[in-house]
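Encoded as structure tokens, the structure appears first; notes follow it.
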Amino acid sequence: MICRSEHIWIELITGSRKLSNFCWALIIFLGSLGFLLVGISSYLGRNLISFVPSQQIFFFPQGIIMSFYGIAGLFISSYLWCTIYWNVGSGYDRFDIKEGLVCIFRWGFPGKNRRIFLRFFIKDIQSVRIEMKEGIYARRVLYMGIKGREAIPLTGTDDNLTTREIEQRAAELAYFLRVPIEVF
């Protein structure tokens, strides 16, 4: 979501709380729970899941492997649920022409560097850059080139913007900041 006036441009960035992340976390959790229950069923010799007969699955080696997959899947799904809960990657980009400042804020993982906050002057911005890689896994990312720093990404790598959308966004931001556009 973009809010802007004559002197201020604020862009809210969505983090991990996306519908696709919720779906993947739930699917991985349910699948890994199924694998773990089948592995435990084969060890106990009883059916914990009614539609999977445990007599057909031997504990060694199939039950052990299914238990391992189940435990690994639970770790992966717990990681996804934690990123959703902490909303990793969310934040905002604030461009203030009047004050001459750019503030970029993102939430990270808990710890010492949970809050990622970058602040610099608008006069230090060299350009707005567009990186486009076409193919099976197309990637279109908007960057901001700063003097004496590496380029700072302004869009997420998982934002599936079309070429037209990324070009329009770059043109609007470059016009607002009065800087050139570079394409890579």
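Taking loop as defined by DSSP and a crowding limit of 15 other beta carbons within 10 Å, which trypsin sites (Lys or Arg not before Pro) in the stretch 136-184 fit? Passing both the DSSP loop test and the Cβ count: K147, R149, R178. Measuring between their Cα centroids, the stretch 117-138 and the stretch 29-106 lie 33 Å from each other.
Each of S32, I116, F22 was placed along the dipole of the chain (beta-carbon charges, centred on the mean Cα), and the one lying farthest toward the positive end is I116.
Take the chain, connect every pair of alpha-carbon atoms lying under 10 Å apart with a spring to form a Gaussian network, then pick out the residue of I64, I104, I125 with the largest mean-square fluctuation. For the chain, modelled as a Gaussian network with Cα springs under 10 Å, the answer is I64. Among the chymotrypsin sites (Phe, Trp or Tyr not before Pro) found in the stretch 28-92, those both in a DSSP coil and sparsely packed, with 10 or fewer other Cβ atoms within 10 Å of their Cβ, are F51. Shown here for the stretch 128-184: GluC sites (Glu not before Pro) in loop regions (DSSP other than H, G, I, E, B) with at most 10 other Cβ atoms within 10 Å, namely E134, E150. For K123, the aspartates and glutamates whose Cα comes closer than 12 Å to its Cα, not counting residues fewer than 8 places off in the same chain, are D96, E99. Reachable lysines from K112, Cα under 29 Å, same-chain residues fewer than 8 places away excluded? Partners found: K18, K147. Placing a label point 7 Å from the Cα of K123 along the Cα-to-Cβ direction, the residues of the stretch 81-102 with a backbone N closer than 14 Å are 98-102.
If R0 is 41 Å, the Cβ-Cβ spacing of R114 and C23 corresponds to a FRET efficiency of close to 0.95. Extending 7 Å from Cα along the Cβ direction at L161 and again at K147 yields two label points whose distance is 2.5 nm. Against the chain, whose longest principal axis comes from its Cα atoms, helix 163-177 is set at around 40 degrees. Going by the alpha-carbon gyration tensor, a ≥ b ≥ c the square roots of its eigenvalues, is the stretch 1-79 rounded (a/c under 1.5) or, if a/c is not under 1.5, prolate (a/b greater than b/c) versus oblate? Prolate, because a/c is 1.5 or more and a/b exceeds b/c.
Coordinate-derived values only; no laboratory data. Fair warning: this is a prediction, and the values are worked out from it, not measured in the lab. Quick reminder, even Gly has a Cβ in these numbers, built from the backbone with ideal geometry, and neighbours come from all protein chains shown.
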